[in-house]
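> Sending over a structure as structure tokens; questions will come in a sec.
The values are calculated or read from the model by the stated rules, or taken from the named source; none is laboratory data. Predicted model, so just to flag it, every value in this text is computed and none were measured. Backbone-built Cβ (ideal geometry, glycine too); neighbour counts: all protein chains shown.
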Amino acid sequence: MSHDPILSLDQLHVSFLKRDFLGRISDTLHAVKDVSFEIESHQTFGLVGESGSGKSTIGKAILRLLKPERGKIIFDGEDLQSFGLFTPLSYRKQVQAVFQDPYSSLNPSHTVANIIGEPLTRHLGLSGKARQQRVIELLERVGLSAYHGGRYPIEFSGGQRQRIAIARALAVEPRLIICDEAVSALDVSTQAQVINLLESLQRDLAVSYLFISHDLAVVRHISHTIGVMYLGNMVELGSAERVYERPLHPYTEMLLASVPLANPIEQQKRRMARQQLRRVETNARKHVERGCPFAPRCPYVMQVCLEQMPAPLAVEGGGMVRCHLHSANGAELTSPLESRIPVPKKD
């Protein structure tokens, strides 16, 4: 099976202009700052970070809902900038999305059959019995039944609506699906069902995912590679196993310490780790613009962190980390808290 990149981001930078009540530009918000990564064919890239980290902005830029200030987005060897103002229908067909709220992303006045059937007509030219049969096949593939096609979105639970959204995304046989907080609005048991469904579909259809979430545990379960975002910066990148079991950036450690565990003893250790990671913000905030943006919250902050943004450092086995705790002299990279944060093994 080929694992060549299907999507590549090269120094992607997305900004938003703030205007005053007279419409004059008052400030510029740099939502994504020179982010680079690749999504391999038939694999899942997990993008994790807090709200406001820029992860959803990246997804919207890939979908061409936002225009990057600079940088490249290359899909299947073609730079998206070559599309100009209008996005080709062929690209819309190959890149689909599943959003956080399945109800708001489904037309409440249409039946499920129409919701799934419209892209079949638009992109594949199906109609009549051929379209109806394909809708039934898609419903059954996501764990629903043929009779669900005659119902409206309001008649379904949140998990069922998300299955409908997945079926609609699969209808046009895409190569990449952007899942933007696709399970965050669901309860834990339903989350597991939807994630298992996505994994099953990936094995059967060889589709790639960009899986965006704030939950590192969920991202680790489904992803092959993980990128950690903080205030528009990619601060850590690596295989899912390495990032989860041996985090290198203090922010990744903070996310990991927030993951609940069933074992009460191990959970207490994580609670203590979280307390150790908390730090009262100081006047270091004024140095954020030229230093590391995580410095005001970092328990390991050094003077260099306040003055200089760390450069990406390659990690053995692939990936990178942006942190002054790790030097570029080839020394082995280790986690400062790896002995204090209990990490559950993946089943």
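> Determine, yes or no, whether Leu47 is assigned to a loop (DSSP other than H, G, I, E, B) and either in the same structural domain as Ser258 (by TED's automatic domain parsing) or in contact with a Lys or Arg (Cβ under 8 Å, 6 or more places away or on another chain) (or both).
No; evaluated as a whole, the condition is false for this residue.
> For segment 141-153: of the residues being within 27 Å of the chain's Cα centre (by Cα) and assigned to a helix (DSSP H, G or I), which is surrounded by the fewest Cβ atoms within 10 Å (Cβ to Cβ)?
Ranking the candidates gives Arg141 first.
> When both residues are 6+ apart or on different chains and their Cβ atoms are under 6 Å apart, which pairs have a first residue that lies in segment 194-212 and is crowded, with 18+ Cβ neighbours inside 10 Å, and a second that is of a type in the set (S, T, N, Q) and part of a strand (DSSP E or B)?
Note: pairs meeting the criteria are Tyr209/Thr44; Phe211/Thr44.
> Condition test on Ser15, is it at pLDDT 90 or above, hydroxyl-bearing (Ser, Thr, Tyr), part of a strand (DSSP E or B) and closer than 30 Å to Asp204 by Cβ?
Taking the combined requirement at face value, the residue does not satisfy it.
> Mind checking whether some residue in segment 19-37 is touching a residue at least 40 places away in the same chain (Cβ under 8 Å) and of a type in the set (Phe, Trp, Tyr)?
yes
> Are there any pairs with C-beta distances below 7 angstrom linking a residue in segment 177-189 that is of a type in the set (A, V, I, L, M, F, W, C) to a residue that is in a loop (DSSP other than H, G, I, E, B), with the two at least 6 apart or on different chains, and if so which?
What qualifies is Ile177/Val207; Ile178/Leu63; Ala182/Gln100; Ala185/Gln100; Ala185/Asp101.
Here is a yes/no grid of residues against (1) touching a helix residue (DSSP H, G or I) at 6+ places or on another chain (Cβ under 7 Å); (2) under 29 Å from Thr44 (Cβ atoms); (3) in a helix (DSSP H, G or I):
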residue	(1), (2), (3)
Ser82	no, yes, yes
Ser90	no, yes, yes
Gln96	yes, yes, no
Gln100	no, yes, no
Tyr103	yes, yes, no
His110	no, no, no
Pro119	yes, yes, yes
Ala130	no, no, yes
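> Find all pairs meeting these conditions: Cβ atoms under 8 angstrom apart; at least six residues apart or on different chains; first residue within segment 117-133 and among the aliphatic types (A, V, I, L, M); second residue surrounded by 17 or more Cβ atoms within 10 Å (Cβ to Cβ) and assigned to a helix (DSSP H, G or I).
Partner pairs satisfying both residue conditions: Leu120/Arg131; Leu120/Val135; Leu126/Gly117; Leu126/Leu120.
> Quick check on my filter: what residues within segment 80-108 are under 16 Å from Phe156 (Cβ atoms) and touching a Lys or Arg at 6+ places or on another chain (Cβ under 7 Å)?
Listed by number, the residues that qualify are Pro102, Tyr103, Leu106.
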